[in-house]
Amino acid sequence: MSRHPISDHALLSDRHSAALVTRDGSVDWLCFPRFDSPSVFGALLDDDAGHWSVRPVGPAEVERDYIAGSMVLRTTFHTATGTLELLDALVLGEVGDPHRLGAHAPHRLVRSVRCTAGRVMVETCLRPRPEYGVVVPVLTGVHGGIRASGGPDRLLLSSPQWHTVHDGEAHACFALEAGQSSHFAVQRVPLGGPEPRPLGQREIADALDDTIAAWRAWSALHQHYEGPWRSLVHHSGRVLQALSYQPTGAVVAAPTTSLPERVGGTRNWDYRYSWVRDASFTMRALWVAACPDEAHEFFGFMTAAAAHTRPRRPLQIMFGIGGEHDLSERVLEHLSGWCDSRPVRVGNGAWTQPQLDVYGELLDAAFRLRAQLGELAPQTRTFLAGLADAAAEQWRRPDNGIWEIRGEPRHFLYSKLMCWVALDRAAAMADQLGAADRAADWRASAEEITGAVLTRGFNAEVGAFTQSFGSAELDASALMLPIVGFLPGTDERVVATVDAIAGRLTDERGLVYRYRTDTGVDGLPGDEGAFVLCTFWLAHALALAGRTQRAREVFARAAGLVNDVGLLAEEVDPVSGAQLGNFPQAFSHIGLVNAAWAIHQAESGHRDDPAG
């Protein structure tokens with residue numbers, strides 16, 4: 001099992017794939033050539049699934065940060081004899097235009113060590129295990145490095161140091177004096193592709209410099225937020241950019257699979273896909289922390305992936321990053337999981353679930369971009385209008401809800417709310433959809449949903465909007481009522497709901513749970529941690545209620561969970577405070593950006609238009 005806490009990791013990305021690096025210099029997760037490809041290094045989920053470590057020999061004190069304005073990681077080791085600086089990056093390739101960051105990623109991981117003071121002994125261990133640890137490749141020494149052969153890929157380590165090879169591992173140990181450096185690279189080519197050549201020291205160093213420059217150019221061009229928590233918002237924007245798949249614009253929920261929502265539990269899912277559910281949240285966050293270009297790319301991906309010619313067929317809730325629909329789930333029985341948390345899953349069975357909220361999320365995303373979209377193509381108009389018709393037709397049905405419960409479908413409040421959003425937004429942009437004649441019907445259906453939510457969604461005995469019609473259980477998704485503009489943030493029923501969630505659906509730290517798992521609503525054993533996104537939702541809703549000081553306190557509580565390099569997981573253990581779930585989690589960083597913006601707007605005296 002992995003010996004590192006989830007928060008011990010830092011993210012690398014070339015906007016095609018991702019790597020996670022531990023505080024002691026081990027790459028314990030790397031998928032080539034896509035986020036959802038089988039891992040090459042998978043020690044995150046099993047010690048036998050491969051890693052690549054570069055670190056000083058013996059004990060060291062560690063400091064980490066990202067090079068300013070970039071996603072290039074700097075780890076500084078302070079040893080008894082000297083100081084070692086390690087720079088890690090997934091190379092972005094040639095970037096002449098910051099708008100096309102990562103367009104020509106060469107699928108290359110580079111690592112550069114430099115002794116900055118004294119003398120340091122350095123050790124490296126390369127242990128590739130492709131296909132989630134199934135393949136033990138043959139390692140062969142070549143001029144300038146090590147070749148790994150086996151499975152569908154070939155890997156080449158470029159190294160100036162001589163390595164010993166034994167049992168699928170390559171080791172080296174060498175000394176660096178102050179001012180000396182050594183550069184390494186692992187590159188991947190598919191079986192049948194051209195034979196890779198070892199890279200020279202200057203080539204690797206230049207690739208690292210170019211990657212830093214490319215990230216900085218993108219940040220300078222795209223990041224203009226100047227409100228409170230500016231550095232956190234800008235960093236979260238870079239994290240979201242790092243979690244986006246450049247060829248299509250898809251944003252993965254997280255770059256990992258099966259990191260548990262409770263240590264030793266079974267709530268372990270593959271999050272390396274793109275959810276329609278995230279669309280409107282992501283759109284707003286990208287607008288604030290990145291720029292309209294990224295939002296436009298993500299919307300383009302969603303509409304292209306979701307489009308189909310059967311308007312009455314339920315809209316699929318999630319897609320592969322290349323637009324794939326079939327995400328069938330399977331269990332990797334040979335992997336022990338992080339901290340023995342089994343099963344380890346790839347694929348995600350939730351892709352077959354009906355979730356009615358997706359209509360609202362996609363139409364809200366379109367509404368946010370209405371000025372940029374201009375005149376829509378006929379097929380796009382037909383598709384978006386069809387989503388509104390589907391919401392009007394299907395809103396009365398039970399579904400699996402935003403949290404993808406694997407229990408019995410219910411009439412979840414949030415699903416009804418987002419069907420209202422779908423109809424509200426479609427009616428508002430009916431002319432752009434070429435459907436002015438249907439606007440009145442959409443508004444009438446929206447009014448029906450309004451009546452149902454207000455009469456069946458609010459439980460007077462509980463004093464709050466609840467999880468589903470007729471339920472007495474709280475659910476953090478009710479915080480979205482003011483965020484999407486269904487009711488004002490100052491409405492007494494909204495205020496009562498916010499207070500109920502803050503008082504009765506939180507852990508001892510005041511972090512918000514999604515819902516109480518002991519009700520059995522989700523059909524799964526065990527429980528889970530507090531949900532980072534939902535805590536940011538609470539801050540957001542408080543800001544909309546004009547309670548900005550309280551909003552700041554809640555925001556600070558959630559933002560204070562970031563690890564030493566500013567990354568957030570999905571959940572937090574209510575006892576230990578440790579980060580849990582897939583990492584880093586896009587939803588958590590999206591919540592941070594949107595809550596910061598809402599607080600900034602409230603404090604500036606501006607209305608945070610939920611649909612604007």
Next item on the list: Name every residue in region 288-319 that is modelled with pLDDT under 85 and either outside the structural domain of residue 234 (by TED's automatic domain parsing) or farther than 18 Å from residue 382 by Cβ (or both), in order of residue number.
Entry: 290, 291, 292, 293, 294, 295, 296
Check: If you check residue 566 against the conditions, is it assigned by TED's automatic domain parsing to the domain that holds residue 421, in contact (Cβ under 8 Å) with a residue 12 or more places away in the chain and either within 30 Å of residue 450 (Cα to Cα) or within 19 Å of the chain's Cα centre (by Cα) (or both)?
Finding: yes
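Condition check ((1) assigned by TED's automatic domain parsing to the domain that holds residue 524; (2) among the hydrophobic types (A, V, I, L, M, F, W, C); (3) crowded, with 24+ Cβ neighbours inside 10 Å; (4) at pLDDT 95 or above) across all residues:
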position: 189; (1), (2), (3), (4): no, yes, no, no
position: 208; (1), (2), (3), (4): no, yes, no, yes
position: 263; (1), (2), (3), (4): yes, yes, no, no
position: 272; (1), (2), (3), (4): yes, no, yes, yes
Check: Based on what the data block shows, is residue 382 in contact with a Pro (Cβ under 9 Å, 6 or more places away or on another chain) and among the β-branched types (Val, Ile, Thr)?
Finding: yes
Check: Is it true that some residue in region 416-425 is within 30 Å of residue 529 (Cβ to Cβ), part of a helix (DSSP H, G or I) and among the basic types (Lys, Arg)?
Finding: yes
Next item on the list: Would you check if residue 80 is without any contact (Cβ under 8 Å) to a residue 60 or more places away in the chain and either small (Gly, Ala, Ser) or not assigned by TED's automatic domain parsing to the domain that holds residue 181 (or both)?
Entry: yes
Next item on the list: Return only the number of the condition from (1) modelled with pLDDT of 95 or more; (2) of a type outside the set (Gly, Ala, Ser); (3) surrounded by fewer than 19 Cβ atoms within 10 Å (Cβ to Cβ) that residue 327 does not satisfy.
Entry: (3)
Check: Cβ-Cβ below 8 Å, separation at least six or inter-chain, first residue in region 531-557 and closer than 16 Å to residue 480 by Cβ, second of a type in the set (Asp, Glu): which pairs?
Finding: 531/570; 531/571; 532/570; 532/571; 533/570; 543/608; 544/608
Margin query: Only one of 279, 305, 285, 350 is touching a Phe, Trp or Tyr at 6+ places or on another chain (Cβ under 6 Å) and outside any strand (DSSP E or B). Can you tell me which?
Written below: 305
Next item on the list: Scan region 495-524 and report the pairs whose first residue is within 20 Å of residue 552 (Cβ to Cβ) and whose second residue is of a type in the set (Lys, Arg), with Cβ atoms within less than 6 Å and a gap of 6+ or a chain change.
Entry: 510/557
Next item on the list: Mind listing just one residue for me: the one in region 405-431 that is out of contact with any helix residue (DSSP H, G or I) (no Cβ under 6 Å at 6 or more places or on another chain) and within 18 Å of residue 376 (Cβ to Cβ) and, of those, surrounded by the fewest Cβ atoms within 10 Å (Cβ to Cβ)?
Entry: 431
Next item on the list: Return the residue satisfying two criteria in turn: it lies in region 74-116 and is outside any loop (DSSP other than H, G, I, E, B) and charged (D, E, K, R), and of such residues it is surrounded by the most Cβ atoms within 10 Å (Cβ to Cβ).
Entry: 111
Check: Scanning for something of a type in the set (Asp, Glu), outside the structural domain of residue 29 (by TED's automatic domain parsing) and either modelled with pLDDT under 90 or in contact with a helix residue (DSSP H, G or I) (Cβ under 8 Å, 6 or more places away or on another chain) (or both), does region 350-362 turn up at least one residue?
Finding: yes
Item checked: Filter result (in a loop (DSSP other than H, G, I, E, B) and under 24 Å from residue 318 (Cβ atoms)) within region 361-375 -> 369
Margin query: Being buried (at least 24 other Cβ atoms within 10 Å of the Cβ), free of Cβ contacts under 8 Å to residues at least 60 places away in the same chain and not charged (D, E, K, R) is the requirement here; does residue 469 meet it?
Written below: no
Notebook entry, point to check: Looking at this structure, is residue 60 of a type in the set (A, V, I, L, M, F, W, C), in contact (Cβ under 8 Å) with a residue 60 or more places away in the chain and assigned by TED's automatic domain parsing to the domain that holds residue 108?
Noted result: no
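Table: residues versus (1) under 28 Å from the mean Cα position of the chain (by Cα); (2) farther than 20 Å from residue 480 by Cα; (3) polar (S, T, N, Q).
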position: 344; (1), (2), (3): yes, yes, no
position: 370; (1), (2), (3): yes, yes, no
position: 379; (1), (2), (3): no, yes, yes
position: 387; (1), (2), (3): yes, yes, no
position: 390; (1), (2), (3): no, yes, no
position: 404; (1), (2), (3): yes, no, no
position: 407; (1), (2), (3): yes, yes, no
Check: For region 354-387, how many residues are farther than 11 Å from residue 418 by Cα and not basic (Lys, Arg)?
Finding: 21
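The values are calculated or read from the model by the stated rules, or taken from the named source; none is laboratory data. None of these values were measured; they are calculated from a predicted model. With ideal geometry, Cβ positions are generated from the backbone for all residues, glycine too; neighbour counts draw on all protein chains shown.
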